Structure formats: C-alpha cells, structure tokens
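A short worksheet on the structure shown next.
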Amino acid sequence: MIFANELDVSLLEWSKLFDSDDEERQPVHWKNVVADQDAFRAGLLAALGIDARTWAAYWHEMKKYRDTHVAHHDPRRGESLKFYPKLDLALATACYYYDHVRNDLRRQFSINQQPSDIRG
C-alpha cells in the first residue's frame, strides 16, 4: 500500500508540471514557466532520446493512470488496475525541468538554487 501511495503522489506531482494544456493548469506547469516553449520541448525530447510520438504515447499513459486510478478513482465503476506506469521518463522530465528553471534563475536573477543536481 505504501508503494502504491508513493507512486500515486509522484504521478500527481509530475502532472502539475506536465499534465493538460487546459486553462486550469497549475502555475508550475512548464508552459506557464518556460518562455521559449519550442526550445524547451525540443531540448526535453533530445535529453530523453525520444521523438514527439513516443512522448505523446507516454504522456497519455501517465494521464490515463492518473485519471482512472488516482485523481478520479471511483471503485463503483469496477475498473481493475491493469498496469503501473513506468516512471523513468517522468523522473528524467522532472530533472530536465529542474535544470531549466535553475539555470534561468541563475542567469536572470543571479539566484543559485540548491541542490545543483537532483539526480544524486
């Protein structure tokens, strides 16, 4: 149960950064934070070593899990858990996002946010 809860919280927090593009997205959503969205997207895909189609498939997998088993879970619907999402790309995207924001803070405002690397 503890591992499942940690997975769910991780996915919810990741969703704040990379979930839907609707008008109600979180203030920390990458599109609300990043000035050059095309460059960020291209850099993210390059850092992950994937193309836009692979990203879209992964994003939909994460969103489906969140929508059906975390944020909007309704046990009366009788849906059973058929998969657990892999978090390797989610972790890599979060690290890329952190690096981007950290670099922007340092470059624009001379703020050295710590830690310098969250991968450790």
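The values are calculated or read from the model by the stated rules, or taken from the named source; none is laboratory data. Everything numeric in this text was worked out from a predicted model, so none of it was measured. Positions of Cβ are backbone-derived with ideal geometry, glycine not excepted, and every protein chain shown enters the neighbour counts.
Gln108 falls short on exactly one of the conditions (1) at pLDDT below 90; (2) part of a helix (DSSP H, G or I); (3) within 17 Å of Lys16 (Cα to Cα), and that condition is (3).
Against the conditions (1) under 12 Å from the mean Cα position of the chain (by Cα); (2) free of Cβ contacts under 8 Å to residues at least 24 places away in the same chain, Asp19 satisfies every one except (2).
Condition check ((1) small (Gly, Ala, Ser); (2) within 15 Å of Val101 (Cβ to Cβ)) across all residues:
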site	(1), (2)
Asp8	no, no
Leu12	no, no
Lys16	no, yes
Ala39	yes, yes
Leu45	no, no
Leu48	no, no
Ala56	yes, no
Asp67	no, no
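Scanning the stretch 34-58 for residues that are in a helix (DSSP H, G or I) and in contact with a Leu (Cβ under 9 Å, 6 or more places away or on another chain), which turns out surrounded by the most Cβ atoms within 10 Å (Cβ to Cβ)? Only one residue fits best here, namely Tyr58. Is it the case that some residue within the stretch 18-33 is more than 22 Å from Tyr98 (Cβ to Cβ), modelled with pLDDT of 90 or more and in a loop (DSSP other than H, G, I, E, B)? Looking for residues that are more than 22 Å from Tyr98 (Cβ to Cβ), modelled with pLDDT of 90 or more and in a loop (DSSP other than H, G, I, E, B), one finds none in the stretch 18-33, hence no. Looking at this structure, is Asp104 surrounded by 11 or more Cβ atoms within 10 Å (Cβ to Cβ), over 19 Å from Ser15 (Cβ atoms) and within 15 Å of the chain's Cα centre (by Cα)? Against the criterion (surrounded by 11 or more Cβ atoms within 10 Å (Cβ to Cβ), over 19 Å from Ser15 (Cβ atoms) and within 15 Å of the chain's Cα centre (by Cα)), Asp104 does not qualify.
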